[in-house]
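One structure is given below, encoded as C-alpha cells.
Derivation of every value follows stated rules applied to the coordinates shown; laboratory data play no part. In this text the structure is predicted, and so the values were computed from the model without any measurement. Don't worry about glycine lacking a Cβ; one is built from the backbone with ideal geometry, like all the others, and counts go over all protein chains shown.
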Amino acid sequence: MTSARRGLAAQTLRRFARRPVALSALLVFVAILVGGALAHVIAPNGWNVIDLSPTALHRAPSFAHPFGTDEIGRDVLVRTLYGVRTTEEVALAGAAIAALLGVIVGALAGYYGGWLDAVLMRVSDLITSFPAVILTLAAIVYLGEPFPHDLILIFGGYMWAVVARVVRAHIASLREQDFVDAARALGASDARILVRHLLPNVGGTILVAATALVGQIVLIDATVEFFYYGLPASVAPSLGNLVTAAVQVKFGFTSNPTPGAGSWWIWLFPGLVLVLILVCVNLVGDALDAALNPTTARG
Amino acid sequence: MTAFLARRLVLAVAVLAGVTFGSFVLIATKFSSQCTSQFTPAGVANPPLAGTVPQAGSLYWDWVKGIPSGRSFGVVCGGETTSQVWPAFVHTGALLGATALIVLFAALALGTLAAARAGSAWDTSLRGLSYAAWAVPPFLLAIILQSVLRSVSRHGFHWFSIYGWPASCLSGAGAFYPCGPTGGTAHHLLEILRALTVPAVALSVAFIGLHSRYLRSSLLVALNAPYTTTARAKGLPERTVVLKHALRNSLATFTSALLLDFGAIFGAALAVDVVFGLNGLGSLLLTEVGGVGGGDGPRYLNPYAIETLLATAALFVIAASVVAEIAVASFDPRTKLR
C-alpha cells in the first residue's frame, strides 16, 4: 500500500512538473508567500512609517520607492509586503482549518452514511447555498471589528462545507471497494479503516480542494474589505484593505464621486499582487487536479 | 414537474424561515436599532431590540405577518420610511440578468471556439485570457473600468454612465427618491442600458473566464464520445457535429455549473453595485448596516432590513438552483426531476 501510494505521489509530481506554466505559477506563488512571511525582515521598521518630507509625500514609483508613496509618505511596497503577510496568514490558516473540519465531517458522512450523512450534508447544503460574501459580512457585522484570527475562524467556520462535500463523495465511493472489505475482514476498526486506508486515498482530492479554498478566501476577504467590513487598515494592512482604502480616498463611496487626482500606484500595485496570487492559485489548483486525474482534467 | 416545484417550494420556505429566524434572533438580542419597524413595541427599541429569545421570536412573527401586505419592507427611521427593498431588488435583478446573458453568450462562444480549435494558438490565447479574467476580482475590475470611463468622458465620450441609476437616488437613511431628468419610457430604458452595460461587463469577465473553461472541458469530452465519431462518419460538417451534437450534450453540465455559481455572482454584484452607485442591494446593505461613511465601523443594525436582505439573497440563490435543476433535466432526458 505504502509503495503504491508513493508511486501515485511520484506520478502526480511528475505530471505536475511537466506543466511549465503551473510550475512557474507555483514558484511565483511561493516567492510571494516567502516575501510576505519575511516582511518584518525586509522592512524591519514596519508598515506604518510616515515620512512627511516634501520629497516623500505622494510620490509616483521611483528607484527609491518602486511602488511609490501614499499621501502621508508611507512606502506602498512595504505596505504591500505586510499586506501579503496578513492576507496569506488569513488565507492559509483559514483554508487549513476549513480543510481539517471538512475532512472530518466529509469522512464521517461518507463512511457511516444514513442519518449522520443526511444531517451533515443538509447543514453543508445550507451553508454552501448562501453567497459566501454575505455569510462573511454577516459574521463580521455580528462579531464586530475583526482581527486576523477572527477572520481565520470565520472562514474556517463555514468553508469546511465545500471540502466536506467532495471528501464525502470520494469516501462514499471508496467504502464499497474490496480493499475496505479486506481490511474489515482482518478485524480493522472503523477508525483504522478511515485513517489508514480511506483518507490516504483522498489526499489528492483534499489537496485540490484546499488549494481552491486559498484562492476563494483571498477573493472573499478582499471583497468584504471592499465593503469596509474586513480587517481595518489601522490594525494591519491586507491586500484588500490597501486597495479599498486607496480607492475610497480617491473616489468616496456614498456619494456621486468626483474625478480624483490620478494616484493610481496606491491601489494598482496591491491590486496587481492580489490578481497575481489568484492567477497562481488557479493555475496550480488546475494543474494539481489534472495531475491527479489525468483522464478528467479541465486542461 | 408540478410535484418537483411544490417540493422545492416547501424546502425553500423552510430554508428561508430557518435562516431569517436564526439571524433575526441573533441580531435582535444583541443590537440596538436606531430605526424601528411599524411593529416595534414602544420602549424596546434601544438597547437591545429584544432582551430574550421569546421576545425576539414575537417581533419576528410580527415581521412575518407583515410580509403579505408589504408592510415588513418599510422601516421607520427618524420619521422617514426607509428600507424600500423593492427598487433595490429590481436594480440588482437587472444587473444580474444582464450579467447572466453576457456570461452565457460569451462563455458559450469562447468555450466552443477553444474546444473546436483545441491545441491551436486560439485555444492557448483564450486559455491565458480566461485565467487572467478569472483572477481579477469583479470589484477591482469595476474600479478600473470606472476609472477608464472617467478618463474618456473628459475627452467627450459619454456613451456609458459612470455612476448612479437613472432618475433614482438613495438617501443616507436608505430611502429612494426620484432625482435627475426623466424622459419617456424609451429614453428611460436607454438610460438604464447606459447605466448597466459597464457594471454588467465588470461583473461578467471573471465568470466568463471560469465558465468558458468548464464548457471547453465538457465539450472536449463530448467531441471524443462515440456518438460524435458516428456523426462525423455520417459525413456531417464539423460545424454541425460541434454545435448540434457535442454542444447540446455539454449544455447540461455548463448550465448547471453556471447557475450553481449564482451565489458567487450575487456576492460580487453587491460590490459592483456599490462602485457604480446602482442603488441596488449592495448600496442598501451598506446604508442599513450603517458602518460606512464615518469610517468607525458599524454603529447600529436594523434587523428588519437585514432580514429582508438576507431573505432576498437566499431567494435569488434558491431560485437559481431550481432553474439549474430544470435546465439540466431539459437538456439531458436521462435526468429526472425529483
Based on the Kirkwood radius over alpha-carbon pairs, what value in µm²/s does the Stokes-Einstein equation return for the translational diffusion coefficient of the range A:57-178 at 20 °C and 1.002 mPa s? 126
Report, by chain and number, residues whose modeled amide H sits under 5 Å from the one on B:Phe160, excluding near sequence neighbours (fewer than 5 apart, same chain). none
What aspartates and glutamates could a cross-link reach from B:Lys244, if we take a straight Cα to Cα line under 18 Å and drop same-chain neighbours fewer than 8 places away? B:Asp332
Give me the angle, in degrees from 0 to 90, between the Cα long axis of helix A:20-37 and the longest principal axis of the Cα atoms of chain A, rounded to the nearest 10. 60
Return the average number of partner chain Cβ atoms within 10 angstrom of each residue Cβ along peptide A:131-144. 6
Given points 7 Å out from each Cα along the Cα-Cβ axis, report the A:Ala17 to B:Tyr177 separation in nanometres with one decimal. 6.9
Per-residue ellipticity at 222 nm for chain A, helices alone: DSSP H runs ≥ 4 residues times -39500 (n - 2.57), over residue total, nearest 500 deg cm²/dmol? -23500 deg cm²/dmol
What is the distance in Å between the Cα centres of the range A:135-160 and the range A:208-238? 10
May I ask for the angle, rounded to the nearest 10°, between helix A:265-292 and the longest principal axis of chain A, with both axes built from Cα atoms and the value confined to 0 to 90°? 10
Applying the Karplus parametrisation 6.51 cos²θ - 1.76 cosθ + 1.60 with θ = phi - 60° to the phi angles of the range B:326-333, what ³J(HN,Hα) value in whole Hz is obtained for each residue in order, glycine and proline being reported as x? 5, 5, 4, 5, 6, 7, 10, x
Folded to 0 to 90 degrees: helix A:76-112 orientation relative to chain A principal axis, Cα: 20
Quick check: Cα centre of the range B:310-325 to Cα centre of the range B:152-169, how many Å? 32
Per residue of the range A:156-169, in order, report the coupling 6.51 cos²θ - 1.76 cosθ + 1.60 (Karplus, θ = phi - 60°) as ³J(HN,Hα) in whole Hz, putting x for Gly and Pro. x, x, 10, 7, 4, 4, 5, 5, 4, 5, 6, 5, 4, 4
How long are the three semi-axes of the equivalent ellipsoid of the range B:106-240, in whole Å, if each is the root of 5 times an eigenvalue of the C-alpha gyration tensor, listed from largest down? 42, 18, 14
Highest mean packing first, using Cβ neighbours within 10 angstrom, the peptides B:11-19, B:183-191, B:318-326 sort as B:318-326, B:11-19, B:183-191
For the range B:102-118, Karplus-derived ³J(HN,Hα) couplings (6.51, -1.76, 1.60; θ = phi - 60°; whole Hz; x for glycine and proline) come out as 4, 4, 4, 6, 5, 5, 4, 5, 5, x, 5, 4, 5, 6, 5, 10, 3
Per principal axis, largest first, the Cα atoms of the range A:149-251 extend in Å by 68, 20, 15
Do you know the relative contact order of chain A, to the nearest whole percent, from alpha carbon pairs under 8 angstrom that are 6+ apart? 24
Extension reserve of the B:Ser330-B:Arg154 stretch, reckoned as 0.36 nm per residue once the Cα distance is removed: 58.4 nm
